[in-house]
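Novice: First the structure, then my questions, so here it is.
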Amino acid sequence: MQGFNKYYPPDYDDAKHGSLNSYRGKHALGDRARKIDQGILITRFELPFNIWCGSCDAHIGMGVRYNAEKKKIGMYYSTPIFSFRCKCHLCSGWFEIHTDPKNTRYVVVSGARQKMEDWDPEENGGYAVHDTNGKTEPVDPLAALEKSTDAQTNATKVQAPRIEQLQSVSEHYNADPYEHSRRVRKRFRVEKKIEKAAEALDQGIKERYGLPAELKLIRADAESEAVAKDEWEKGRVRVAQEQTSKRRKLALDAPVVAPAATGSSSKAYGSALASLRTRILANSSRSSGAASRKPTLAGIAIRKLP
Ligand SMILES: [Zn+2]
């Protein structure tokens, strides 16, 4: 008999006994746990369907209750499978019923026969709605689409190679981060040195020619140097020509003043001047094409000279 009250006897020691049940040597579930050492618990079990007893062949109706020995006999994924062992109330023969989590039902395993009264739609001119054996798959439009030939072709010929490419790129960039970092830093140090040297050179040129600090200079290389030399030479020649023609023009426009005192020498001076004028005029008409060109600064580009 279970202890129903909370009477603590005088010799009860909490540290020693722990609880009243252990003090009395009883399980909390009382007599129902008398086979707990075998993993069996006595529970009240109600027949879920009609059966015929295997020993006395009597019909036992659904809903008859038994004190069944409930035992865990296995697992279906995370769901335990229980066995219920009952004794027939007519003949004392044992029969056993198991739970079937996969199909959400009970199965008679031994000692009895189940009376099959499940609704069978096919037998009654209908169609089975639920198929627990998984023979037919549910109609899923997305699943059907994934199974189409186009989708499969796309997956194998486009998506899979693309994923492989992405994976290889990712592996390439993540394979050896230390090495990548080292290489980048090394290159950066070298480039920085070159950049600094070039900047110092530019600064020197700007200071030498009094150029504005924000002016951007072109990098010196063989080609640009050749072009600069060529243009420099052309500009030099042009400036020289312009200066010559200017001097001639000034000479031509200058007023002719004859010295009054000496007669013979003034005549000689006048003739010499006339011959000079004709010579200059002849020269200027010859080189009129070159002289007519106005000197322009735009044609002279600022180049960095070696
Ligand atoms: Zn029986």
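The values are calculated or read from the model by the stated rules, or taken from the named source; none is laboratory data. This is a predicted model, so every value here is computed, not measured. No Cβ is skipped: glycine too gets one built from the backbone with ideal geometry, and neighbour counts run over all protein chains shown. For the accessible areas, the whole protein counts, side chains as well, though only heavy atoms, and no ligand, DNA or RNA atoms are used. Shrake-Rupley method; radii C 1.70, N 1.55, O 1.52, S 1.80 Å.
Novice: Take the conditions open to solvent by less than 100 Å² (accessible area, probe 1.4 Å), part of a helix (DSSP H, G or I) and of a type in the set (D, E, K, R) and apply them to Glu225. Does it pass?
Specialist: It is true that Glu225 is open to solvent by less than 100 Å² (accessible area, probe 1.4 Å), part of a helix (DSSP H, G or I) and of a type in the set (D, E, K, R).
Novice: Charged (D, E, K, R) and part of a helix (DSSP H, G or I), is that true of Glu214?
Specialist: no
Novice: Right, another one. So, in segment 95-110, of the ones that are within 52 Å of the chain's Cα centre (by Cα) and closer than 22 Å to Lys35 by Cβ, which residue ends up farthest from the ligand (Cβ to nearest atom)?
Specialist: Per the stated criteria, the residue is Thr99.
Novice: Sticking with this one: Taking the condition hydroxyl-bearing (Ser, Thr, Tyr) and modelled with pLDDT of 90 or more, does Ser170 pass?
Specialist: yes
Yes/no matrix, rows are residues, columns are (1) assigned by TED's automatic domain parsing to the domain that holds Ile194; (2) closer than 24 Å to Gly204 by Cα; (3) at pLDDT 75 or above:
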| residue | (1), (2), (3) |
| --- | --- |
| Lys229 | no, yes, yes |
| Trp232 | no, yes, yes |
| Gln241 | no, no, yes |
| Lys246 | no, no, yes |
| Lys267 | no, no, no |
| Arg286 | no, no, no |
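Residue-by-condition table, conditions (1) away from the ligand (no atom under 14 Å from the Cβ); (2) more than 28 Å from Gly30 (Cβ to Cβ):
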| site | (1), (2) |
| --- | --- |
| Pro48 | yes, no |
| Ala58 | no, yes |
| Ala68 | yes, no |
| Lys71 | yes, no |
| Ser78 | yes, yes |
| Ile81 | yes, no |
| Gly93 | no, no |
| Ala112 | no, yes |
| Glu117 | yes, yes |
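Novice: Need pairs with beta-carbon distance below 7 Å; first residue assigned by TED's automatic domain parsing to the domain that holds Gly61 and open to solvent by less than 60 Å² (accessible area, probe 1.4 Å) and within segment 75-92, second part of a loop (DSSP other than H, G, I, E, B) and within 16 Å of the ligand (Cβ to nearest atom); sequence gap 6+ or separate chains.
Specialist: Cys88/Ser55; Cys88/Cys56; Cys91/Ser55; Cys91/Cys56
Novice: Just one of Ala160, Ala175, Ala144 is surrounded by 10 or more Cβ atoms within 10 Å (Cβ to Cβ), away from the ligand (no atom under 16 Å from the Cβ) and modelled with pLDDT under 90; which is it?
Specialist: Ala144
Novice: For a quick check of your reading of the model, give me the residue pairs whose first member lies in segment 30-53 and is open to solvent by less than 20 Å² (accessible area, probe 1.4 Å), whose second is within 16 Å of the ligand (Cβ to nearest atom) and among the small types (Gly, Ala, Ser), with beta-carbon atoms closer than 7 Å and at least 6 apart or on different chains.
Specialist: Hits for this filter: Phe45/Ala68; Ile51/Ala112; Cys53/Gly93; Cys53/Ala112.
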